[in-house]
Amino acid sequence: GQNIDQPTEMTATEGAIVQINCTYQTSGFNGLFWYQQHAGEAPTFLSYNVLDGLEEKGRFSSFLSRSKGYSYLLLKELQMKDSASYLCAVRSYNDYKLSFGAGTTVTVRA
Amino acid sequence: EAGVTQFPSHSVIEKGQTVTLRCDPISGHDNLYWYRRVMGKEIKFLLHFVKESKQDESGMPNNRFLAERTGGTYSTLKVQPAELEDSGVYFCASSLDADTQYFGPGTRLTVL
């Protein structure tokens, strides 16, 4: 099975940087995904890591260390519209299903 | 390109009634998934279709839940009879292959 942990809430100021950590324990690993979800909307794909290292996409970056069972999502130059829930999800080796963490609610203040 | 759509967006029913949720995946996506999020918990996997076949239904909670994907296009998830603990948000997702899953906006189900 999977055990995925991420902080419940984080608050940051507009223009700042926030790092959301995710740790996981899995019986088989085949990739880690980050999704953004605004209230009442669909989770939206942000990033995917399957190899160790940093993936950068504009203001968002995601890092993975498979040996440590650890990932983070880095949000730079925060904007008010970045206030949302951020979901860490792990895919198992032998199947396609995603196992999710409970999500981190990020609040961006002016 | 249209995304994953789900209908209805909200459903309120009485305990013991039947509800059917529908999901239309992104056109051409053979893989279709159902997930749900109950209050205060994480999103949990229910099942996975490849075309019209059930590939993995290990997350289905009990036999009151029935998922179908006749013709390998849209899918339905029926809950019969509904119980209070079935309340939550039911998400559908689709993918082309073993890659990124794209989610729909969900159906919020309330069982009274």
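FYI, it's all coordinate maths here, none of it is from the lab. Since we're looking at a predicted model, the values are computed, not measured. With ideal geometry, Cβ positions are generated from the backbone for all residues, glycine too; neighbour counts draw on all protein chains shown.
When chain A is treated as a Gaussian network with alpha carbon springs shorter than 10 Å, the biggest mean-square fluctuation among A:Ser65, A:Ser92, A:Ser27 belongs to A:Ser27. Paramagnetic label reach from A:Thr13 (point 7 Å along Cα→Cβ; backbone nitrogen cut-off under 19 Å): within the stretch A:92-110, residues A:106-110.
Taking the square roots of five times each eigenvalue of the Cα gyration tensor of the protein assembly as shown, the equivalent ellipsoid has semi-axes of 30, 20, 16 Å, listed largest first. Under a Gaussian network description of chain A, with springs only between Cα atoms under 10 Å, the residue in A:Glu77, A:Glu55, A:Glu41 that fluctuates furthest is A:Glu41.
Size descriptors for chain A, from the alpha-carbon set: Rg then Dmax equal 13.4, 45 Å. Just so you know, the Rg over Rh for the stretch B:30-70 is 0.99, from Cα atoms, with Rh as the Kirkwood radius. Basic side chains Lys and Arg get +1 at the Cβ, acidic Asp and Glu get -1 at the Cβ, and with that the dipole of chain A about its Cα centre reaches some 100 debye. Projecting the Cα positions of B:Leu21, B:Gln55, B:Thr73 onto the charge dipole of chain B (unit charges on Cβ atoms of Lys, Arg, Asp and Glu, taken about the Cα centre) puts B:Leu21 furthest along the positive direction. For chain B, how big is the tail of P(r) above 18 Å, as a whole percent of Cα pairs? Of all Cα-Cα pairs in chain B, 43 percent lie more than 18 Å apart. Considering only alpha-carbon pairs that sit under 8 angstrom and 6 or more positions apart, the relative contact order computed for chain A is 37 percent.
Which of the lysines could a cross-linker span from B:Lys54 if the Cα-Cα distance has to be under 30 Å and same-chain partners fewer than 8 positions apart are dropped? Leaving aside lysines fewer than 8 places away in the same chain, those within reach of B:Lys54 are A:Lys97, B:Lys15, B:Lys41, B:Lys44, B:Lys78.
Across the stretch B:49-54, rounded Karplus estimates of 3J(HN,Hα) from the backbone phi angles (6.51 cos²θ - 1.76 cosθ + 1.60, θ = phi - 60°) give 9, 10, 6, 8, 9, 7 Hz, Gly and Pro being marked x.
Shown is the FRET efficiency for B:Lys78 and B:Val50, computed with R0 = 25 Å from the Cβ-Cβ distance and rounded to the nearest 0.05: 0.80. Build a GNM of chain B with springs between Cα atoms under 10 Å apart, and of B:Thr20, B:Thr73, B:Thr100 the one that fluctuates most is B:Thr100. Looking at chain B, the DSSP beta bridges with both ends there are about 90 percent antiparallel.
Applying 0.36 nm per residue to the separation of B:Thr20 and B:Thr70 and subtracting their alpha-carbon distance, the gain on full extension is 16.6 nm.
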